[in-house]
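*Asks:* Please find one structure pasted underneath; my questions will follow.
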Amino acid sequence: MTVKEDLVRLQSEAIEAIASTADEASLDKVRVAFLGKKGSITAISASMKDVPKEDKKAMGQALNAARTAVTEALDARKQALQDEADAKSIEGLDVTMPARSLPTGSLHPLTIIKDRAIQILRRLGFALAEGPEIETEFHCFDALNTPEDHPARNESDTFYFDSGKLLRTHTSTVQVRTMESAKPPIKIIAPGSAYRRDEIDATHLSVFNQLEGLYVDSDVRLSDLKGTLEFFYRAMFGDQTEVRFRPHFFPFTEPSFEIDVLLTVKGEKPKWIEVAGCGMVDPAVFDAVNKSRGDSAYDPATTTGYAFGMGLDRLAMIQWGIKDIRLLIENDIRFLSQFA
Ligand code: PHE
């Protein structure tokens, strides 16, 4: 048999083998058998060196033709196998069937309120700050001028760890931490969780959400505090919102106030609702911060500031007329889907 006849035979064997493959793996085996390093067609091209000179050209052409034919058959079969697999994977698919609707998620009401509060306050130049939820007594109480015998420090009000650390009872801890690490001027807000050992009912949870604000500079006044917070509550609840500052006491501010907004629910008598505590930073807080820093960056003689802390849960309850704070943590889809 001549080499040429060999080639013709190999080519048709290859084509036949290719046609009978059922998957890509066996197709690859056929390729290796004929065109691989030790493949039978490859072997013939290795024997080209023994072909007489005058036959070389014709042989070379025949070899190329065989290789091309087999390669094309391999490619075509590969494509056909892939097409078959594709067709199989959508077998029985009814493209006219109506799509199943995918439920889209939505933000939790607390997140919506928090984002809105942050957005309003950032417009007023406040930067975001944060601090740990497991705190020292120093950051939660001592530096905030809260005496040893203050009721907020009671075991019955505060979650203490054996180590003496505690779950922060308010976000005012971030005031202290921020002043420890940066010099004035400071203008920050710190949203975050706070923890108290409260009896759980429609208006109390043991975990709730606050947003703390602190502005410290050389000439910050009570009127700045008032204007800022009035602006805030009107931006939040509408231009007509009435805001009232009621004298109060906090160990870390002097003077101190509680802020109420007038809530008008259709068909009900308007009600003042407490929404925040605030005041001018007590010089004793600056003293404590200086001591902790080891300098006098917060000289009470030349430094003034205001602070405020508001409950975000309360804001959400006002915004949407939510009567029971527990709804905010129960994750009942019937409740949450109303905010979608
Ligand atoms: N930390 C106070 C509270 O939790 C609120 C407050 C913050 C009051 C800042 C004054 C200044 O009730």
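*Asks:* Would it be correct to say that ARG221 is more than 14 Å from the ligand (Cβ to nearest atom), free of Cβ contacts under 8 Å to residues at least 40 places away in the same chain and among the basic types (Lys, Arg)?
*Replies:* It is false that ARG221 is more than 14 Å from the ligand (Cβ to nearest atom), free of Cβ contacts under 8 Å to residues at least 40 places away in the same chain and among the basic types (Lys, Arg).
*Asks:* Additional query: Tell me the helices (runs of 4 or more DSSP H) entirely within the range 251-340 that contain at least 3 residues that are farther than 25 Å from HIS204 by Cβ and more than 16 Å from the ligand (Cβ to nearest atom).
*Replies:* Per the criteria, 283-293.
*Asks:* While we're here: Output the residues belonging to the range 91-112 that are surrounded by 10 or more Cβ atoms within 10 Å (Cβ to Cβ) and assigned to a loop (DSSP other than H, G, I, E, B).
*Replies:* SER106, LEU107, HIS108
*Asks:* Spot the failing condition for GLY125; the list is (1) in contact with a Pro (Cβ under 9 Å, 6 or more places away or on another chain); (2) assigned to a loop (DSSP other than H, G, I, E, B); (3) assigned by TED's automatic domain parsing to the domain that holds ALA284, and only one is missed.
*Replies:* The single condition GLY125 does not satisfy is (1).
*Asks:* Find the residue count for the range 178-217, including only residues that are assigned to a helix (DSSP H, G or I) and surrounded by 20 or more Cβ atoms within 10 Å (Cβ to Cβ).
*Replies:* Within the range 178-217, residues that are assigned to a helix (DSSP H, G or I) and surrounded by 20 or more Cβ atoms within 10 Å (Cβ to Cβ) number 2.
*Asks:* For the range 139-171, which positions are free of Cβ contacts under 8 Å to residues at least 12 places away in the same chain and either farther than 17 Å from SER206 by Cβ or not in a loop (DSSP other than H, G, I, E, B) (or both)?
*Replies:* Across the range 139-171, the qualifying residues are GLU148, ASP149, PRO151, TYR160, ASP162, SER163.
*Asks:* Looking at (1) of a type in the set (A, V, I, L, M, F, W, C); (2) under 30 Å from ALA182 (Cα atoms); (3) at pLDDT below 95, which is the only condition ILE322 fails?
*Replies:* Only one criterion is unmet by ILE322, namely (2).
*Asks:* (1) in a helix (DSSP H, G or I); (2) under 30 Å from ALA129 (Cβ atoms): which one isn't true of LEU63, the others all being true?
*Replies:* For LEU63, the failing item is (2).
The values are calculated or read from the model by the stated rules, or taken from the named source; none is laboratory data. Bear in mind the structure is a predicted one, so any value in this text is a computation, not a measurement. We place every Cβ from the backbone using ideal geometry, glycine too, and count neighbours over all the protein chains shown.
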